[in-house]
Amino acid sequence: MHRTLAVAGLLLLASLPSYSQAPGSAPSASPVPPAAVPVPDVEDSRWTRTLERVASGVVTIQVDLARAFDTEWNMSSQATGFVVDAQRGLILTNRHVVTPGPVTATAVFLNREEVTLYPVYRDPVHDFGFYRYDPSKLRFIKPTELKLHPQGAQVGREIRVIGNDAGEQLSILAGTLARLDREAPNYGLGKYNDFNTFYYQAASSTSGGSSGSPVIDIDGRVLALNAGGSNAAASSFYLPLDRVTRALEAIQKNKPVARGTLQTVFGYTPFDEVRRLGLRNESEIEVRKKFPNSVGMLVVSEVQRGSAAENVLEPGDVLVRINGQLTADFSLLASTLDDNVGKTVKLAIERGGQQFERELPIQDLYEVMPDEFLEFGDAIVHNLSWQQARHINVPIKGVYVANPGYILGAAGVPRGAVISEAGGKDIGGLGDLEDVLSTLGDGERITVRFFTIDDPKTAQWRSVRMDRRWFPARVCKRDDKQGSWPCTAWGMDGLAKTPEPATTTFAKTGDPLINKLAPSLVLVNFDMPYSVSGITERSYYGTGLIVDAERGLVIVDRNTVPSPLGDVRITFAGSIEVPGRVEYVHPLHNIAAISYDPKLIGATPAKAATLKSVDVQPGQEVWAVGMRVDGKVQSRSATVASVDPVGFPLSRTLQFRDANLETISLVNGPADYDGVLVDKSGAVIATWASFAYEAGREIAQENRGISAELLQEMLPLVRDGRALHSLEAELQPVPLSVARKQDLPDDWIRRLEQHSPERRQVLSVVRTVGGSPADGLLRSGDLILDIDGAIVNRFREVERSVQKPSVRVTVWRDKGVQAIEVPTVALGGRDLDRIVVWAGAVLQKPHRALAAQRGIDPDGVFVAYFSYGSPATRYQLWAGRRIVEVDGKPVADLDQFIQAVSGREDRSSLRLRTVTWNGSVEVMTLKLDKRFWPTYELRRTAQGWARTALE
């Protein structure tokens with residue numbers, strides 16, 4: 001890991017190769033006598049011997065930050081550390097490598113041995129921390145213990161930085177110390193920043209992965225700790241070791257590392273500026289006499305709001321004395337505060353040429369740094385830290401949203417928000433919020449007030465819907481003795497309470513079509529807790545059409561409800577919101593059915609729309625009626641431009657893509673809302689559906705009409721649970737003129753012309769669904785002439801004709817007519833009924849889009865998603881892969897997979913054989929982390945989705 005001034009340059013998911021080097025390899029002997037070697041060569045030889053001696057003590061650290069916490073996102077990265085106590089197994093690295101939050105880490109030594117690391121200490125402010133490992137676990141290497149030598153840092157001293165630079169193990173970068181009094185680097189608003197310390201500077205061009213590297217002199221002594229660098233120059237920045245040495249000594253003695261604070265940030269300011277701030281001449285003379293090498297003094301730059309120093313110290317105050325002693329740098333300040341926690345300190349300051357004496361209490365610095373978090377609904381929250389409070393310039397009070405997750409993200413509460421009120425109660429800290437939330441059942445709502453780092457003066461509010469179904473809820477507190485975060489789970493998941501029935505009316509307007517359609521239209525919101533079936537977005541909304549008011553059936557498009565897995569909310573007349581349930585997701589086309597309990601809307605005059613099956617023609621006048629996101633019904637007259645087959649590109653993420661469908665395009669159709677297309681009588685002749693597709697690496701959307709005929713055919717499938725039979729072949733229309741070039745006989749040309757004089761085309765096979773019977777019987781380029789003796793040349797004709805277990809398909813292939821018996825495949829609208837969350841990956845059975853678009857047999861276990869900071873990320877178990885073997889044992893489905901991975905110990909390794917979308921095979925190993933990534937499953941039941949722990 002490595003930080004830059006503009007952006008925290010943490011190296012995510014580094015895939016660069018690592019190269020091992022034999023430890024202690026000696027250079028070839030020089031034939032020239034030592035006395036005759038030029039001075040530079042002698043120094044090079046000394047450096048070579050030094051580097052060989054210390055290299056075994058430098059390690060690569062693989063870091064998995066399991067949860068977002070304070071200034072850091074959950075992620076997987078790599079960095080550097082080095083052994084400072086081989087007997088106790090202590091490794092020194094950066095604070096942002098140890099991380100302030102829950103972490104899983106592994107050290108890789110020079111000989112490629114791995115040991116598990118446990119966090120021991122991370123400084124609250126300065127960029128250093130310690131890991132520990134069990135020395136007895138190392139069997140083939142005895143690492144060198146690097147000695148800290150803070151007093152050896154001098155301007156002009158030649159140094160070497162040994163680390164994992166840019167993912168390359170044991171990179172060695174040269175430099176010369178240029179400055180010893182540089183201000184701490186500023187990594188940006190909202191990110192971790194060091195303060196109240198000097199930094200060293202040299203031009204060594206370090207980059208990602210070199211964070212935590214030792215900065216050594218020619219004798220192998222560590223002068224500083226590499227911490228960051230500039231992204232606009234070759235400059236690198238190193239942390240001095242005075243505070244590091246003190247902390248190491250305390251840890252070695254099993255004593256706490258005391259840290260004190262005034263909640264005040266000081267900056268080292270040159271004398272010319274200090275004089276302009278009001279430093280008296282006699283004070284400057286006195287300071288310069290005592291500190292002849294100093295070029296400045298400490299000046300107050302920030303005073304934390306709400307602290308004891310507020311209204312006592314002010315920005316611009318020049319610090320002259322601490323407890324009566326003259327001071328010019330951070331050394332006396334740091335030692336005084338750290339050694340006197342709980343006591344008071346007397347400060348002599350000068351402000352505008354006047355002298356002031358101030359006495360302030362020294363607070364324990366750990367009290368303003370969070371050490372526990374609450375996890376609920378996939379969100380991570382904890383007490384606001386000083387690190388973040390100083391960025392926002394607010395008192396250290398409230399609960400910080402480190403990751404909004406599913407529950408807060410769906411409500412529109414962003415990362416970095418600070419929650420100040422929940423359920424009408426002030427939230428001063430994490431305990432207050434837990435008291436409020438722990439009483440809520442699944443689905444209950446609560447009003448939350450918060451402010452953001454961008455606008456701390458404005459309080460915002462959101463209605464948050466509690467989740468106790470999709471994700472576990474627990475509180476975790478850091479324990480540095482164990483090097484872990486023990487968690488306490490909340491009690492039994494709260495059951496969702498049935499909302500009270502309510503009644504509303506539909507507003508009358510001057511538009512008769514709106515008045516007629518409004519009782520049949522609803523606003524549908526859908527939120528997905530997990531990404532499945534290649535779907536990347538998590539929150540959706542759109543217009544729903546009531547087609548059965550007695551049963552509460554509503555039709556929507558699949559860009560509003562893309563999956564059976566999620567929470568549905570249905571709003572009537574912009575006034576009443578009731579929960580919904582996914583009943584059916586059409587396996588072939590862009591429509592889905594959801595339901596609601598009609599009792600919950602009381603006497604609201606909702607009614608089913610009238611569906612009318614017509615053959616829509618270009619030039620026909622229609623009206624597009626739908627709902628905006630605010631629930632307002634809109635209507636617009638439009639003209640049918642064309643009725644054309646869809647032709648969306650294949651999905652890169654392997655999500656649903658419609659095919660074999662003719663859709664309606666409008667000349668001036670609305671793009672700002674979806675809904676239905678109606679005739680002048682108000683009868684629904686088509687849906688005005690939103691289609692999502694991938695345009696390059698972006699998701700694009702466009703509205704098109706889907707004939708009401710398709711809706712009418714789907715309703716019996718929804719009501720009765722019958723299967724939909726499919727030929728499992730993607731088709732495209734080919735003009736008869738093109739078919740003639742393929743030598744299609746004239747008699748077939750005439751029969752096709754007579755069958756459909758207005759559509760002179762024949763359907764050609766583009767691809768077949770992998771693993772289906774058609775996959776081995778039909779071929780790309782086949783021209784379909786008839787099915788069971790009936791000529792077909794339109795998509796809907798094919799779909800209607802294959803609603804039986806098997807059909808005889810007549811095709812033109814290789815200049816001949818062939819009749820092929822093709823079994824059809826029975827498809828359901830509730831195929832996704834189970835997922836498994838394992839090692840941070842969301843697993844499911846391979847979905848149809850995988851086989852339909854890429855021709856892949858639907859065997860194995862499909863990786864739908866992976867969480868950052870998890871073993872799935874660390875070992876590159878990417879979404880889109882299929883797991884087909886575990887430790888050499890084939891796994892055909894989720895049951896076999898669970899059986900294969902059950903009973904494994906924490907931190908044990910498995911060997912996985914995976915297959916990509918294009919058939920590429922890769923074998924990988926994965927080390928489990930059951931502390932932060934336990935295994936559980938979600939199943940669809942008659943009562944809804946239920947979560948069950950599997951270990």
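Sparse packing (at most 14 other Cβ atoms within 10 Å of the Cβ) combined with a DSSP loop state is found for the following trypsin sites (Lys or Arg not before Pro) in the range 413-465: Lys457. With a cut-off of 10 Å between beta carbons, the residues surrounding Gly212 carry a summed charge of 0, where Lys and Arg count +1 and Asp and Glu -1. Cα centroids of the range 631-697 and the range 380-404: 44 Å apart. Rounded to the nearest whole Hz, the Karplus-based 3J(HN,Hα) values (6.51 cos²θ - 1.76 cosθ + 1.60, θ = phi - 60°) of the range 94-101 follow the sequence 7, 4, 6, 9, 5, 6, x, x, with x at glycine and proline. Of all aspartates and glutamates in the structure, the ones whose alpha carbon falls short of 19 Å from that of Lys804, not counting any fewer than 8 places away in one chain, are Glu713, Asp720, Glu728, Glu730, Asp775, Asp786, Asp788, Glu821.
Over 26 Å, how big is the tail of the calculated P(r) for the range 535-671, in percent of all Cα pairs?
Across the range 535-671, Cα pairs with separations above 26 Å total 30 percent.
Projected label points at Arg722 and Val667, each 7 Å from Cα along the beta carbon direction, are separated by 4.0 nanometres. Stretched out straight at 0.36 nm per residue, the stretch from Ser331 to Thr458 would grow longer than its current Cα-Cα span by 41.8 nm. Evaluated on the chain, the Kirkwood hydrodynamic radius is 32.2 Å, with distances taken between all distinct Cα atoms.
Can I get the semi-axes of the range 532-581's equivalent ellipsoid? Compute them from the C-alpha gyration tensor as square roots of 5 times the eigenvalues, in angstrom, largest first. Provide the component values of the computation, followed by the final result.
Working: eigenvalues 87, 30, 19 Å².
Output for the range 532-581: semi-axes of 21, 12, 10 Å.
Would you mind working out the magnitude of the charge dipole of the range 260-365 relative to its Cα centre, with +1 at each Lys and Arg C-beta and -1 at each Asp and Glu C-beta, to the nearest 20 Debye?
Details: 12 positive and 16 negative charges, 50 e Å.
I would put it at about 240 debye.
In a fully extended conformation the segment linking Asn281 and Glu302 would gain 5.1 nm over its present Cα-Cα distance, using 0.36 nm per residue.
A crude spin-label estimate for the pair Asp339 and Glu310, with each label 7 Å from Cα along the Cβ direction, gives 3.2 nm.
Our summary gives the chain a relative contact order of 7 percent, counting only alpha carbon pairs under 8 angstrom and 6 or more residues apart. What lysines does Lys612 reach when the alpha-carbon gap must be under 16 Å and sequence neighbours fewer than 8 apart in one chain are set aside? Answer for Lys612, where 16 Å is the Cα cut-off: Lys516, Lys680, listed by chain and number. Taking Cβ atoms as reference points and 13 Å as the exclusive limit, the residues near Leu600 contribute a net charge of +1, counting Lys and Arg as +1 and Asp and Glu as -1. Working from the Cα coordinates of the range 622-754, the gyration tensor eigenvalues give, after taking √(5λ), semi-axes of 30, 20, 18 Å in decreasing order. Near Glu662: Cβ cut-off under 12 Å, other residues only, Lys/Arg at +1 and Asp/Glu at -1. The net charge is -2. In this rough spin-label picture, where each label sits 7 Å from Cα along the Cβ direction, the Val629-Val295 distance is 5.3 nm.
In a reduced charge model with +1 at each Lys and Arg Cβ and -1 at each Asp and Glu Cβ, the chain shows a dipole moment near 540 debye about its Cα centre. Applying the Karplus relation 6.51 cos²θ - 1.76 cosθ + 1.60 with θ = phi - 60° to the range 357-372 yields 3J(HN,Hα) values of 10, 10, 10, 9, x, 9, 8, 5, 5, 5, 5, 10, 10, x, 9, 8 Hz, where x marks Gly and Pro. Phi angles of the range 876-892 translate, via the Karplus equation with coefficients 6.51, -1.76, 1.60 and θ = phi - 60°, into HN-Hα couplings of 6, 8, 6, 4, x, 7, 10, 8, 10, 8, 10, 6, x, 9, x, 10, 9 Hz per residue; Gly and Pro are given as x.
Pairs of alpha-carbon atoms within less than 8 angstrom and 6+ residues apart define the contacts here; what relative contact order does the range 370-465 have, in percent? Display every interim value, and only then the final one.
Working: 187 pairs, mean separation 23.8, N = 96.
That works out to 25 percent.
When each full DSSP H helix of the chain is screened for a Cα extent of at least 18 Å along its own axis and an average Kyte-Doolittle hydropathy of at least -0.5, the helices passing are 708-720.
Sort the range 834-949 into rounded, prolate or oblate with this rule: let a ≥ b ≥ c be the square roots of the eigenvalues of the Cα gyration tensor; rounded if a/c is under 1.5, and if a/c is not under 1.5, prolate when a/b is larger than b/c, oblate otherwise. The shape class here is oblate. Computed from the C-beta positions of Glu550 and Arg112, the FRET efficiency with R₀ = 51 Å rounds to 0.15. Our note on the geometry: Cα centres of the range 82-135 and the range 916-937, 25 Å apart. Estimated from the Cβ-Cβ distance and a Förster radius of 60 angstrom, the FRET efficiency linking Arg139 and Glu500 is about 0.35.
Counting other C-beta atoms within 10 Å, and keeping those with at most 15, which DSSP coil trypsin sites (Lys or Arg not before Pro) do you find in the range 786-835?
Details: sites: Arg794, Arg796, Arg800, Arg808, Arg813, Lys815, Arg830, Arg834; in loops: Arg794, Lys815, Arg830.
Hits after loop and neighbour filter: Lys815, Arg830.
Here r is the Cβ-Cβ distance between Asp857 and Arg46 and R0 is 51 Å; the resulting FRET efficiency, rounded to 0.05, is 0.25.
Across every direction, the projection of the convex hull enclosing the Cα atoms of the range 724-827 has a mean area of 5.8 nm². Please list, in order, the residues from the range 829-854 whose amide nitrogen is less than 15 Å from a point placed 7 Å along the Cα→Cβ vector of Arg940. What the label zone holds, given the 15 Å backbone N cut-off, is 829-836, 844-849. Annotation: lysines with alpha-carbon distance below 26 angstrom to Lys425 (same-chain offsets under eight excluded): Lys397, Lys457, Lys477, Lys497.
Reported to the nearest whole Å, the Cα centre-to-centre distance from the range 431-507 to the range 263-286 is 49.
Can you show me the helix-derived [θ] at 222 nm for the chain, built from DSSP H runs with n ≥ 4 at -39,500 (n - 2.57) apiece and divided by the number of residues, rounded to the nearest 500.
Value at 222 nm, helices only: -4000 deg cm²/dmol.
Grab the Cα-Cα distance for Phe271 and Asp887, subtract it from 0.36 nm times how many residues apart they are, and report the gain in nm with one decimal. The partial results should precede the final answer.
Numbers: separation 616, 0.36 × 616 = 221.76 nm, distance 6.76 nm.
Result: 215.0 nm gained on full extension.
Values in this text are rule-based calculations from the coordinates and carry no lab data. Fair warning: this is a prediction, and the values are worked out from it, not measured in the lab. All Cβ positions, even for glycine, are placed from backbone atoms using ideal geometry, and neighbour counts span all protein chains on display.
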